1. Arrange the following residues from fewest to most other Cβ atoms within 10 Å of their Cβ: B:M72, B:M62.
2. Per residue of B:245-254, how many C-beta atoms from partner chains lie within 10 Å of its own C-beta, taken as a mean?
3. What percentages make up the Cα-Cα pair-distance distribution of the range A:25-82 when the bins are 10 Å wide from 0?
Amino acid sequence: MSDDIFEPAQTPEAQPARHGGWHAVSIGHLVMGLVFLTFVGIWGLVESDAVEWHDLRWLLPLPWLIAGAAGLLAVAGSSIRKHR
Amino acid sequence: MAINLGHLRRSPTDKHVAGVAGGIAHFFDIDPVVVRVAFVVLAFFGGAGLILYLGVWIFTPMEDDPRVPFSMDVRSRALALYIVIGLAVVVLLGTTFGNLHAPWFVWVIAAGALLLLWRERQWRRVPYVRMRRGWVEDEPAAPVAEDVAPEPVAEPEPPVTPPADGGTATYVAPPRATTSVTFESFPLPQPKPRRPGPILFWFTLAVIALAEGVLGTIDVAGAHVIGPAYAATAVGITAVMLVVGAFWGRPGGLILVGLVASFCLLVSTTLHEAGWDGQADDIRIAPTSTAALQPSYAMTTGELKIDLRGLTDVPSLDGHSLDLEGHIGHIEVLLPAGVGADVVAEVHGPGHVQVGDDDHGGIDTTVDTTLPATSGYPTIHITADLSVGEIEIHRG
């Protein structure tokens, strides 16, 4: 039985070093976090009468636009870093 | 990173029944307790949790053993799991909104699944090893795994060397070949690496609970806090923790919390704007004379139904105006046969308007139309206004 059959178990020492809790950006969580943040922001604007209820029609796509654009930027950023 | 359910594995270490919850928790990097609680809660909705659990159990192999009752490639396994999820969602929605209980065939499938799993238990008693057979010259046999007997291998026929002088055949023993059956442990797939840092789920729940408590205390102390503010606080905290978790820590499960809190925010805001006091209106008007018909009717939440088909003086309806208003619910007007109507119907939020065969839906829907009267019949003017819901005007 040759040794190359087995992949050696990855010991904690062999794993890449972890710097605190930082990790590569998680696009899904970033996008959804921004969607919820913008959603709450719009709710605050409506409740404080800064905008009218009928303005919701054009405000509702805003969370998805902002979060989607941020997600694309994050994807592009991590892709550029990988290829450097 | 795209999620491929075909790579989902059950957990051999974090298991109470079949390692399904542990495997899902590991796959999505969330706390297994959350998954177990979700399964139990969903089980009460028409058995959706049970269907989901059994489906994942059948189609998903253990992390250390690739055998499953239905052997299939990664893509097919992902498709099967999506079908299971779809079935569970149908049962869940049917039970929640349609008062539909799991149909009988679902339980037949579940019974079949249990039978398959029982069979799986039978053959799982034999530990899984991958066997490689081969001929190894002049080497001692490799060690054999415990509890597994090697398959007997037929000895090759010994060659007989014919005598050159036609005398008695002499047996010449062939070079001895050692038959060896080697067993290798199946190379275990490397577990999906976890994100570094602490789990943020429970911390976020604790912060939400604390914030809700503070809001409640402020409310009780005299400063009025509107109902939707509680849900908005939960959405806001979850959103911040999600953005933090995108770069630091483990935010698994927080998207679900955000979705639930957002749904609560939507519902509570709508009810708050409608001024709902917890009681649904059920206003049904069926006058027998035009004189008994008021020029306007209003409701807050619920149903407002005006049935004019019982009028005895239909011709006197001509030129009559009917103004209907409500926040959330259903407004319906039933006109006598042949009567025409000039209609302006508006649903400001999400909703639906149907005037005769004219059907419109969406957000902020306005319909300005005319139902033509039959010759000799009167025409009535109807204005209907609703925040969220459905307006229907029919001729009976």
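1. Listing B:M72, B:M62 from fewest to most nearby Cβ atoms yields B:M72, B:M62.
2. If you average over the peptide's residues, the count of other-chain Cβ atoms is 6.
3. 24, 41, 22, 10, 2
A short reminder: the numbers here are calculations on the coordinates, not readings from a lab. These numbers come from a predicted model, not from an experiment. Here Cβ is always computed from backbone atoms with ideal geometry, including for glycine, and neighbour counts include all displayed protein chains.
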